[in-house]
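Derivation of every value follows stated rules applied to the coordinates shown; laboratory data play no part. All of these numbers come straight from a predicted model, not from anything done at the bench. When we count neighbours, we look across all protein chains shown, and the Cβ atoms used for this are built from the backbone with ideal geometry, even at glycine.
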Amino acid sequence: MAAVKRRTGLLFWCALGWITLVLLAAIVADVLPIPSPTDMDIFARRKGPSMAHLLGTDSLGRDVLARLIYGARISLSVGLLAPVIGLSIGGGLGLLAGYFRGRFETFVTGGVDVVLAFPPLILAMAVTAYLGQSIMNLTLVLGFLGIPAFTRVARAATLTFSAREFVTAARALGAGHARIILKELLPNVALPLGAFFLLGVAVTIVVEGALSFLGLGVPPPAPSWGVMIGEGRESLEMAPALAFLPAIVMFLTVLSFNLVGDTLRALTDPRQGAL
Amino acid sequence: MTALLDIQNIVVEFPVGNRVVQAVTRVSLAVQRGETLGLVGESGCGKSTLGRAVLQLYQPQSGAVLFDGQDLTKLAPPAMRKMRQRLQMIFQDPIASLNPRRRVGDIVAEPLIIAGVTDAAERTRRVRAVLTEVGLDPDITMARLPHEFSGGQCQRISIARALILEPELIVCDEPVSALDVSIRAQIVNLLEDMKDRYGLTLLFIAHDLAVVKAVSDRVAVMYLGRICEIAPTETLFRTPAHPYTRLLLDAIPMPDPDIRPVEGVAVGEPPSPIAPPSGCRFRTRCPRAADRCAVDMPELTALPGGQMVACHFPLQ
């Protein structure tokens, strides 16, 4: 469709290309001809780019490109998995709350407010202290923290669509609650939720970076972009690239997710072009 | 002959904050099989609420809705679900009444799926047939989304959805109010054709008297949750008995610049349904109101010629 082309533009395709590149690299990291991300070489610390190390080495002599690619693995899997938790639990709760209203809605919105009032850093510290530092725990914490936002988006969208006459029409036809939620409401609520999911991915990548930077995230020596920025900070004066490279990669990835999310939302909005 | 739809003393209330609004107050109404009953009144008078209460979309506080002899308010959910196949509804906003994310073919097939028609080929055949009936080309329409159609076409799709189970009664809730004037006649004619072909009974809710006059056999006039007058269409438009009906008829604009608007009829806004006037609800705007009107709520009483009016001082 010509209309699709007009609304996407070059920027969208660049963003999509970058996400694909990062994703592909993360998936096939094991077969790429790159050195191990954890092998140290004490005699080649903070070296500039060379044939052996395309982007140089870090302060322990580990290959920066390899760490960036393996870091993408961790950053992306946490960044994608945590919002999936938020999307499924929060989206489900919001949908049910917006459809059934009443006591259940009061309970859900109250619970959401409680979670929102809980300081996220304290929660992350508490979980790492009691359950140990692992990628799994980090994902669970970030996923849990994402639930309130997804609940609110889903509930707000459900409220608008529940008031529309096609839902009344379905009730008049004798459709049960499950059928109305799955067939009438879900396809409509899925759109704003999907767009919000991509935004959630972007935010989670940043938060994961921040937590790892603070030492609450991914346990070393595993590389994640946040860990790399944190380590690079120590030698910021001698080798600024060690902190800036992962920062730039993270920046581009987050920006791309936001761009794609925005464009997809605009594209799939059925109201565009309606009466 | 027993009526197909017999509404008896129905009351519908909604909570508004701590108070209760009575949207429909002890309304009784009978619709004969094959008849079109027009239901008119200004916005907020409870006519849509009454229509939805018939379909049990609102649970009435008291009263009965007899459909073919069975009280819908007392049916258990599974029996009501089965009964819904015989009662359908068409809505005012043709675009909002179709799910924007589902294809027209699926929207029209939905009643069949809910009714338990499991054979997909059979469903497709019936969807194609009914789309053709309402004047749409199934090859073009079935795979498209509702927003690709105009308001009039969307209303045709709604009508197809209402017809596919071959119901006996259709509640039409202002089916043409949201449409262009040029399209209204087409949709009204389509409803008339379908009524003949399927032997339908229609409860036709509208505020446009011209449309009601064109389609109805009998007309009921509602004001603030009460029925003022019920009469055969001809009688009602020729010799209205209730002052409110008179007011409505006088408000129809004449396509003649020399005719001046009638002076001296009731003016002002209808009172709030939260605190309706005592006695006759129309007395605050009625030119004939007397002391008795503030005390006694008039009940519907029969006049000669099948006309019924709820007024202490009818116009005849």
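Footprinting exposure proxy ranking of A:Leu24, A:Leu16, fewest other C-beta atoms within 10 angstrom first, gives A:Leu24, A:Leu16. Distance from the alpha carbon centroid of region B:73-139 to that of region A:206-249 works out to 58 angstrom.
In this calculation the C-beta distance from B:Asn18 to B:Thr239 is compared with R0 = 51 Å, giving a FRET efficiency of 0.70. Comparing mean-square fluctuations of A:Val207, A:Val108, A:Val31 from a GNM of chain A with C-alpha springs under 10 Å, the top value falls on A:Val31. Along the axis of the charge dipole computed for chain A (Cβ charges of +1 for Lys and Arg, -1 for Asp and Glu, origin at the Cα centre), the listed residues A:Leu267, A:Pro219, A:Pro246 are led at the positive end by A:Leu267. Here is the short version for chain B: B:Cys45, B:Cys154, B:Cys172, B:Cys228, B:Cys286, B:Cys311 have no other Cys C-beta closer than 4.7 Å. Compared with the dominant Cα axis of chain B, that is its longest principal axis, helix B:151-163 is turned about 80°.
If the only charges are +1 at each Lys and Arg Cβ and -1 at each Asp and Glu Cβ, what is the size of the charge dipole of region A:68-268 around the Cα centre, to the nearest 20 debye?
800 debye
The residue among A:Phe107, A:Val127, A:Ala72 whose Cα reaches farthest toward the positive pole of the charge dipole of region A:68-268, with charges on the beta-carbon of Lys, Arg, Asp and Glu, is A:Phe107. Positive contributions from Lys and Arg (+1) and negative ones from Asp and Glu (-1), summed over other residues with Cβ under 15 Å from the Cβ of A:Ile19, come out at 0.
Remark: spin-label model distance A:Leu267-A:Ser50 equals 4.5 nm, labels positioned 7 Å along the Cα→Cβ axis.
For the residues B:Ala290, B:Ala23, B:Ala178, a GNM of chain B with alpha-carbon springs under 10 Å puts the largest fluctuation on B:Ala290. Ordering B:Glu110, A:Glu105 by the number of other Cβ atoms within 10 Å of each residue's own Cβ, fewest first, gives A:Glu105, B:Glu110. In straight Cα distance, which lysines are under 21 Å from B:Lys82, not counting same-chain residues fewer than 8 positions off? The qualifying lysines are A:Lys183, B:Lys74. Exposure proxy ranking for A:Arg152, A:Arg179, B:Arg125, based on other Cβ atoms within 10 angstrom of each Cβ and starting from the fewest, stands as B:Arg125, A:Arg179, A:Arg152. Shown for chain A are the DSSP H helices of 18 Å or more along their axis, judged by Cα atoms, with a mean Kyte-Doolittle hydropathy of at least -1.0: A:2-27, A:64-85, A:102-117, A:135-162, A:186-213, A:241-268. Between 0 and 90 degrees, the angle of helix B:104-115 with respect to the longest Cα principal axis of chain B falls at about 80 degrees. When chain A is treated as a Gaussian network with alpha carbon springs shorter than 10 Å, the biggest mean-square fluctuation among A:Ala149, A:Ala129, A:Ala72 belongs to A:Ala129. Axis angle, to the nearest 10 degrees, between helix B:181-198 and the longest C-alpha principal axis of chain B: 70 degrees.
Modelled label positions at A:Ala247 and B:Ala120, each set 7 Å beyond Cα in the direction of Cβ, lie 5.6 nm from each other. Summarising the amide proton neighbourhood of B:Thr36: residues at separation of 5 or more, or on other chains, whose placed amide H is nearer than 5 Å comprise B:Leu202, B:Asp217, B:Arg218. At R0 = 30 Å, how high is the FRET efficiency between B:Arg103 and B:Gln70 if r is their beta carbon distance? Nearest 0.05 is fine. E(calc), rounded to 0.05, equals 0.30. In a simple Cβ point-charge model (Lys, Arg +1; Asp, Glu -1; nothing else charged), the protein assembly as shown has a dipole of about 460 debye relative to its Cα centre.
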